[in-house]
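What follows is one structure encoded as structure tokens, with my remarks underneath.
The values are calculated or read from the model by the stated rules, or taken from the named source; none is laboratory data. Values in this document were obtained by computation on a predicted structure and should not be read as measured data. Backbone-built Cβ (ideal geometry, glycine too); neighbour counts: all protein chains shown.
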Amino acid sequence: MNKMIRKVKEIQTAEEQKKAQEHRILSNIDNKLTHDKIDKAYSDKIKIFIDPKPKQSNYSNTRMYCFNERNYTKLNQALCEIATKEECLNAKKYDLSGLKSFNMNIWLDLLRESNAIEGIFLEESFDFFDFRLKVREIIDTNPDSIEFDRYTYFKKLIEIDKYFTSGDENVVKDGLLLVYKGKEIHLISPELMRQFLALKFAYKCAKQEIYLNKKGIIKTPKQKADELIELILYVNGLILGNECTRFRNTFTLVDGANWIPTNDRSIVPNLEALCKTIYNEKINSKVSPIELSALFHAEFIRIHPFMDGNGRTARIMSNYLLILNELPTISIKHGNRQGYFNAISKAVEEHDLDDLVKIFYKGMQSSSKLILNTLNKVKKMEVKKTKSLDR
């Protein structure tokens, strides 16, 4: 019994020493981080206080995420117009699969802007379509199948990354990837390629979930939450080109933020609580997918589960949730970088999601316009084709 008591005391002492050491380091790094804030980060165990609901005049519980009610009428009209035009063109045998998420303009915009937000600016000269063609046989796994296996697909994408970052002078030049098209050579940054693979992976996984739901194969909320955590690990691994990605096992800080991410011992419990919230039927019934995606984004950034790639992972995973609801993907602009960071800080510090929801809403409106423009171009092509046949 005495041995057991001594052992418990040793563990407690070790924990106290680690906490004290990190207190000293954090205080030295940034004197804005008060002991109260540091203590709050370390007292944060499992509860993450997520209860999304519109603000009320007497709303006072700052521990729960809240946001203003928003009128989605215009956006819903645009989405209905997209659905109608898609249905019309599909009936005429046009293959529009993936248009919502993989319209070329939206895709490239999302990837480039996401890198730019992280300060990754690389001069590239390429036709991204050629790169997609080069790896099509590998990446075009059909998710509309019970046999689709996430891990197998993940491994295939990691192999693509290994090939393109092998250091072979025929593949890489000055840190950029070479894609040959006849005599032309296109240059693609590894960061862009990895973002592409990660987004493609998330897209395929979302499509499989949609397929399984339509087939009546319904998973429990716990199964969905566990798979979402697994997906987060895979996406971060693809972004970093790391087959064995892991959650961080030490404290970290966010540049420019006046708050501290959750401590490393609470990462998994916090992620589990977050993912369960995402699949909570009561919450799903009272918030839109845009609001739920923004809520996930803010809480994921607050947890900051990885040492690197948290922002890029959060932006892809937020889009995964939108794709899961068969909505267009969104791109957060580098030009609005400070507004985006301010919205996240406001969400984390004040539990007020309104500014972040507004950014997501505008992003959805922008994507919807691009998709409608593309559909209109397809429609015009069809008219020209019909006229040429009449002649």
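When Thr245 is tested against (1) part of a loop (DSSP other than H, G, I, E, B); (2) more than 18 Å from the chain's Cα centre (by Cα); (3) of a type in the set (Ser, Thr, Tyr), exactly one condition is not met: (2).
Check region 55-64 and report whether any residue there is modelled with pLDDT of 60 or more and on the phi < 0 side of the Ramachandran plot. Yes. Tell me whether region 272-291 contains one or more residues that are hydrophobic (A, V, I, L, M, F, W, C), buried (at least 23 other Cβ atoms within 10 Å of the Cβ), at pLDDT below 90 and farther than 18 Å from Leu228 by Cα. No, there is no match, as no residue in region 272-291 is hydrophobic (A, V, I, L, M, F, W, C), buried (at least 23 other Cβ atoms within 10 Å of the Cβ), at pLDDT below 90 and farther than 18 Å from Leu228 by Cα. Pull up region 259-287, narrow it to residues that are outside any helix (DSSP H, G or I) and over 17 Å from the mean Cα position of the chain (by Cα), then point me to the one that is farthest from Asp352 (Cα to Cα). By that ranking, first place goes to Asn263.
The set of residues from region 310-327 being under 13 Å from Ile290 (Cβ atoms) and of a type in the set (A, V, I, L, M) comprises Leu321, Leu322, Ile323, Leu324, Leu327. Looking at region 338-353, which of the residues that are at pLDDT 90 or above and not aliphatic (A, V, I, L, M) is surrounded by the fewest Cβ atoms within 10 Å (Cβ to Cβ)? Among residues in region 338-353 that are at pLDDT 90 or above and not aliphatic (A, V, I, L, M), the one surrounded by the fewest Cβ atoms within 10 Å (Cβ to Cβ) is Gln338.
Please indicate, with yes or no, whether at least one residue in region 312-329 is within 16 Å of the chain's Cα centre (by Cα), buried (at least 24 other Cβ atoms within 10 Å of the Cβ) and in a loop (DSSP other than H, G, I, E, B). Yes.
Of the candidates Phe196, Phe154, the single residue that is aromatic (Phe, Trp, Tyr), surrounded by 13 or more Cβ atoms within 10 Å (Cβ to Cβ) and modelled with pLDDT of 90 or more is Phe154. Could you tell me whether region 219-230 includes any residue that is modelled with pLDDT of 95 or more, crowded, with 20+ Cβ neighbours inside 10 Å and either in contact with a His (Cβ under 7 Å, 6 or more places away or on another chain) or not basic (Lys, Arg) (or both)? Checked region 219-230: at least one residue is modelled with pLDDT of 95 or more, crowded, with 20+ Cβ neighbours inside 10 Å and either in contact with a His (Cβ under 7 Å, 6 or more places away or on another chain) or not basic (Lys, Arg) (or both). Selection of region 209-224 for residues being assigned to a helix (DSSP H, G or I) and of a type in the set (A, V, I, L, M, F, W, C) yields Ile210, Leu212.
Among residues of region 252-271 that are within 18 Å of Phe341 (Cα to Cα), those with a beta-carbon under 8 Å from a residue that is hydroxyl-bearing (Ser, Thr, Tyr) at least six positions away or on a different chain give the pairs Ala257/Ser345; Asn258/Ser345; Trp259/Ser345; Pro261/Thr252.
Total residues in region 120-151 satisfying the condition of being of a type in the set (Phe, Trp, Tyr), surrounded by 14 or more Cβ atoms within 10 Å (Cβ to Cβ) and modelled with pLDDT under 70: the figure is 3. Of all residues in region 328-359, those being out of contact with any Asp or Glu (no Cβ under 8 Å at 6 or more places or on another chain) and closer than 17 Å to Leu295 by Cα number 16. Residues that are over 29 Å from Tyr163 (Cα atoms) and touching a residue at least 24 places away in the same chain (Cβ under 8 Å) within region 216-249 comprise Ile217, Pro221, Lys222, Lys224, Ala225, Asp226, listed in sequence order. Quick check on my filter: what residues within region 231-258 are surrounded by fewer than 16 Cβ atoms within 10 Å (Cβ to Cβ) and either in contact with a Lys or Arg (Cβ under 7 Å, 6 or more places away or on another chain) or not basic (Lys, Arg) (or both)? Listed by number, the residues that qualify are Glu243, Cys244, Asn249, Thr250, Leu253, Asp255, Gly256, Asn258.
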